[in-house]
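Q: Dropping the structure in here first, questions after.
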Amino acid sequence: MATRSRKSAAKAYIDPFDPAEIRRLVAEFGSPLLIIDCQRVREQYRKLHRALPGVDLHYALKPLPHPSVVETIVELGGWLDLATTGETQLVTQLGIDPARCIHTHPIKRDIDIRNALHLGVKIFVADNPDEVRKFEAYREQAELLLRVSFRSPGAVVDLSRKFGCDPEDLLDLARLARKLGITVRGLSFHVGSQAADPSKHVEAIQVCAKHMAAARREKLGVFDTLDIGGGYPIEYGQKVADIQRFCAPIRAALSKLPARLRIIAEPGRYLCGPAAIGVSSVMGRAKREGHWWYYLDDGLYGSYSGQLFDHAKYPVESLKEGGEKFPSVLAGPTCDSIDVIAENLMLPQLKAGDLIVGRAMGAYTWASASEFNFFPKATVVSVNRRPGDRGSVVPLPF
Ligand SMILES: *Cc1c(COP(=O)(O)O)cnc(C)c1O
């Protein structure tokens, strides 16, 4: 019985990372492409959900703000983490229940707050007195999480330098909120993206638990919610701990908290990173100083922008297999010399039109791409939105 249902599931969803499917999608939708596999988004969500049972997963839209990913997560019962008015507009136009969203940008304009409130978002983040004061006018509708900073020099992207208050200043901030009549629901933190290990999460949970208990004793707010942020790592070239194992110490730390606390997390990269590949085509080639240079229609100003902004190095390969391999250079299309994706990459000899595939390119890639030199961003194709779906361009709703 089990075998049969697995077989039918395999037939219901195509594998868009299969070379024949990649060629078919490029033939249909052109190049460059970013192919999002919604089935892989589901698998990532389920894996993280199993690794963090009882934790409400709010997908942070920032790494891949695409309707197909957002809808897939919401259909699984997931929640959303918005940070900007643009992201708020996207979920509004998808008709998503605002009760499933929190707004987590620690620094907002009044118009951003009003836009989110207008949609129906209730929970916001603040990390300093000025920002708390902005909510005095909205104290009837809005509630706050106070963001705490835990420096994380080990993370690839340390998010606690730019945002978050010192744990020592927390109670004063909560006292200010109480004085202004603003409800504080709890605390939040983000230890940094692509965390090297779970020790920062664990330390942050323990410190937050201590401060939340103190704040409750002083009756500074409700303090029934702890937001443990994002940062869950994925594999690029190098192995990382499996998510069950990565989260084991986090689960242990959470199990010591009062049972009535609501725990939420803000995963971004983990949910969408492995779920997409970048496909580009060789536009032309040249032999320079004995090595082949291949010029692609996507590069560092496009989907590979994460190599600069996110410090990621995507595993890239040629779709063409076999034959002798030579150390080669993959360059992006723009006229800028920094626009080189990889050097000394062993590749078979390629020609114009051959396809290059970058793996694990869902997070912080297309989202930070530009159209420098007027090379258009990759077309986003989503597949497996529903069983049997063979791919479509899902337009952004604005
Ligand atoms: C970027 C961001 C996230 C997502 O982080 P990942 O490391 O991609 O999981 C979550 N929350 C906030 C506030 C962010 O800025």
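Q: Mind grabbing the base-10 log of I(q)/I(0) for segment 85-220 at q = 0.13, 0.20, 0.22 Å⁻¹? Debye formula, identical points on the C-alpha positions, no solvent, two decimal places.
A: Debye intensities relative to I(0), on a log10 scale: -0.58, -1.17, -1.28.
Q: Are there any chymotrypsin sites (Phe, Trp or Tyr not before Pro) in segment 112-206 that are in a DSSP loop and have at most 16 other Cβ atoms within 10 Å? List them by number.
A: On the way: sites: 124, 135, 138, 150, 163, 189; in loops: 135, 150, 163, 189.
Sparse-neighbourhood loop chymotrypsin sites (Phe, Trp or Tyr not before Pro): none present.
Q: I've got another one for you. Per DSSP helix of 4 or more residues, -39500 (n - 2.57); summed, then divided by the residues of the chain. What does that give at 222 nm, rounded to the nearest 500?
A: Estimated from H runs of four or more residues: -9000 deg cm²/dmol.
Q: Count the net charge of all other residues whose Cβ sits under 12 Å from the Cβ of residue 209, scoring Lys and Arg as +1 and Asp and Glu as -1.
A: Charge balance in the 12 Å sphere: +2.
Q: Continuing with the same structure: Please give the residues of segment 59-91, grouped as numeric ranges, whose backbone N is less than 13 Å from a label point set 7 Å along the Cα-to-Cβ vector of residue 111.
A: Under 13 Å, as judged by backbone N against the label point of residue 111, lie 85-86 of segment 59-91.
Q: Continuing with this model, one more query. Can you order the peptides 355-362, 211-218 by their average number of other Cβ atoms within 10 Å per residue, highest first?
A: Final packing ranking: 355-362, 211-218.
Q: Also: At a 10 angstrom cut-off on C-beta neighbours, averaged per residue, how do the peptides 236-245, 60-69, 74-83 rank from highest to lowest?
A: 60-69, 74-83, 236-245
Q: What percent antiparallel are the DSSP beta bridges of the chain, to the nearest 5?
A: Within the chain, antiparallel bridges account for around 45 percent of the total.
Q: Regarding segment 282-324, what's the average projected area of the Cα-atom convex hull, expressed in nm²?
A: Average of the hull's projected areas for segment 282-324 equals 4.2 nm².
Q: To continue, here is another question. Per q in 0.21, 0.24 Å⁻¹, report the Debye log10 I(q)/I(0) for segment 197-291, using one uniform scatterer on each alpha carbon and no solvent.
A: The computed values of log10 I(q)/I(0) come out as -1.08, -1.26.
Q: How long is the gain from residue 172 to residue 213 if the chain were fully straight, where each residue apart is worth 0.36 nm and the alpha carbon distance is subtracted?
A: Difference between extended and current length: 13.3 nm.
Q: Any idea what Rg and Dmax come out to for segment 337-398 if you just take the C-alpha atoms, in Å?
A: 15.3, 44
Q: On to the next question. Roughly speaking, what % of Cα-Cα pairs in segment 1-140 are separated by over 21 Å, rounded to a whole number?
A: 56 percent
Q: Where in segment 275-310 is the amide nitrogen less than 20 Å from a point lying 7 Å along the Cα-to-Cβ axis of residue 349?
A: 282-296
Q: Pull out the extension gain between residue 370 and residue 320, defined as 0.36 nm times the separation in residues minus the alpha carbon to alpha carbon distance; nm, one decimal.
A: Answer, rounded to one decimal: 15.2 nm.
Q: Now for a separate question. Where the convex hull is taken over the Cα atoms of segment 266-398, what is its projected area averaged over directions, in nm²?
A: 9.8 nm²
Q: Okay, moving on. Need one number: convex hull volume per residue for the chain, Cα atoms only, in Å³. Before the final figure, lay out the partial values.
A: Working: hull volume 60.9 nm³, N = 398.
Taking only Cα atoms, the chain has a hull volume of 153 Å³ per residue.
Q: Turning to a different aspect of this structure: Could you give me D for segment 39-272, from Stokes-Einstein at 4 °C and 1.567 mPa s, where the hydrodynamic radius is the Kirkwood radius over C-alpha pairs? Units µm² s⁻¹, please.
A: Rounded to a whole number, D works out at 73 µm²/s.
Q: Next up: Quickly rank 376-388, 26-38, 42-54 as a protection proxy: mean count of other C-beta atoms within 10 Å, highest first.
A: Numbers: 376-388: 18.5, 26-38: 22.1, 42-54: 16.9.
Result, highest mean Cβ count within 10 Å first: 26-38, 376-388, 42-54.
Q: Just going by the charge dipole of the chain, with Lys and Arg at +1 and Asp and Glu at -1 on Cβ, which of 222, 274, 333 is farthest out on the positive end?
A: Working it through, the farthest residue towards the positive pole turns out to be 222.
Q: So what's the net charge close to residue 266: Lys and Arg +1, Asp and Glu -1, counting the other residues with Cβ under 9 Å from its Cβ?
A: My count for the surroundings of residue 266 gives -2.
Q: If you take every residue apart from residue 244 with its C-beta less than 13 Å away from the C-beta of residue 244, what net charge results, scoring Lys and Arg +1 and Asp and Glu -1?
A: Neighbourhood net charge equals +4.
FYI, it's all coordinate maths here, none of it is from the lab. Everything numeric here is computed off the predicted structure, so don't read it as measured data. Glycine also receives a Cβ, built like all others from the backbone with ideal geometry; neighbour counts cover every protein chain displayed.
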